[in-house]
Amino acid sequence: MLKSLFHWKVWINILLAAAVFVGAVWLTFRWLEIHTNHGKEIAVPNVMNKSVHEAIKILDDSGLTYEVDSFKYDPKFKPFQVLQIYPSPGSRVKDGRTIVLKVNPRTYAQVSVPDILDRYKGLAFRQLEQVGLKVGDTIYEPSIQRDAVLRMLYNGAVLKPGALLPRFSTIDLVIGTGPKRNISVPNLVGLTVQEAKLVIAQNLFEIGLIEHEDGGADESDIVYYQDPAAFDVRDQGMQIDIWVSKKTPAELGAKISQLNSIYRIKDSYDPQNYEETPVYKEPSPGRNEPLEETPKSVAPKVEIPKPEVKKQESPKTTTEQKPKVVETKPKAVTLQVPAKATPTKTEEKPKVKKVIVE
């Protein structure tokens, strides 16, 4: 067996196999050198701070491909100015290598406006700041939604959620201050449904029930009744119900009277004609026997004629003093007798004395 290994034919086969292997490897590397242009490298041109159009033209002339990527907007540089290059300028690359250009965009990137309507103003401010938008003026107007965002404005126009705006744009917010109190209800009788809706919205009220007499939904029908009544005082946001018909209010007198009996109920209380009715109270029982109410005797008033005082002439040195009349009012004495009440006697008044001092 060992003799067969050292046979000349075996060695020839080994040498032929090695030559084929070496030749295949050499041919492979040679093909790679030709295909990849080995040793033929190109220096990356410096296109920093040039416009993107100039940079593209230079790369095309150098046999290099390019890829443009919008970079973060910087107001210090011009729009479409090349700010970064990869690979860096001066690097040697093969022909056909892709060069990435970072370009300053024309303005800030656009962002979507978040939906902040009917939300608390503090939360709305934070959501706008998170997407890169700024809050400008805050306009307050009466609304039942206190401290809630009612509308968004951009350059005076109403802005809807989802609209695209440049980053760091400034928008204005309309915020509610709470309901307005004691607003006079407008007179809607005689208006069409469409006109009544507009007047209700202008006066900060809301549309309530709309009752069509014929059961339809024609907005050209005329309002012949409303609740609350015209010129009543209500708060903002209250609903106003209306009854409409194709007939005029003058032709619906019976219907209006029927509605008045339901919605215009007046209080029949009159304080001038009000008299308090006597209330009977049962006597409270005593310890031994129930007490009987005895009629109270009222002492008659005795009128005493005032005595006339004659004036006498006296010398200038003397002083005249008027007599003092002392009146004593009779006192009423009430005696409680179980069966009969005895009349009380009035006290006699003393006679008035005349006193003359000379």
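The values are calculated or read from the model by the stated rules, or taken from the named source; none is laboratory data. Just so we're clear, the structure is a prediction, and the values are computed from it rather than from any experiment. Please note: Cβ atoms are built from the backbone with ideal geometry, for glycine as well, and neighbour counts cover all protein chains shown. These accessible areas exclude ligands, DNA and RNA; they are computed on the full protein's heavy atoms, side chains included. Shrake-Rupley method; radii C 1.70, N 1.55, O 1.52, S 1.80 Å.
Pairs over the 18 Å Cα-Cα cut-off, from the set K72/K160; K121/K197; K50/K78; K72/K94: K72/K160; K121/K197; K72/K94. Approximating the spin labels as points 7 Å out from Cα along Cα→Cβ, the D241-to-V135 distance works out to 4.1 nm.
Dividing the convex hull volume of the alpha carbon atoms of region 94-158 by its residue count gives 127 Å³ per residue. Near S143, the amide H atoms lying under 5 Å from its own belong to T177, G178, K180; only residues 5 or more places off or on other chains count, and H is placed 1.01 Å from N.
Dipole size of region 37-158 about its Cα centre, with +1 on Lys/Arg Cβ and -1 on Asp/Glu Cβ: approximately 240 debye, rounded to the nearest 20. Binning the alpha carbon pair distances of region 48-168 at 5 angstrom intervals from zero yields the distribution 2, 10, 16, 15, 10, 9, 8, 8, 7, 6, 5, 3, 1, 1, 0, expressed in whole percent. Think of a 1.4 Å ball rolled over the protein heavy atoms: region 45-131 then has 64 Å² of accessible area per residue. Of interest is the spacing of the C-alpha centroids, which for region 141-209 and region 47-119 amounts to 45 Å.
Computed from the C-beta positions of F71 and A17 and an R0 of 56 Å, the FRET efficiency is 0.45 to the nearest 0.05. Applying 0.36 nm per residue to the separation of K102 and A24 and subtracting their alpha-carbon distance, the gain on full extension is 23.7 nm. Among V174, I210, L198, pick out the residue whose Cα is farthest towards the positive end of the charge dipole of region 153-214, where Lys and Arg carry +1 and Asp and Glu carry -1 on C-beta, about the Cα centre. Result: V174. Taking a ≥ b ≥ c as the square roots of the eigenvalues of the Cα gyration tensor, region 127-223 is prolate, since a/c reaches 1.5 or more and a/b is larger than b/c.
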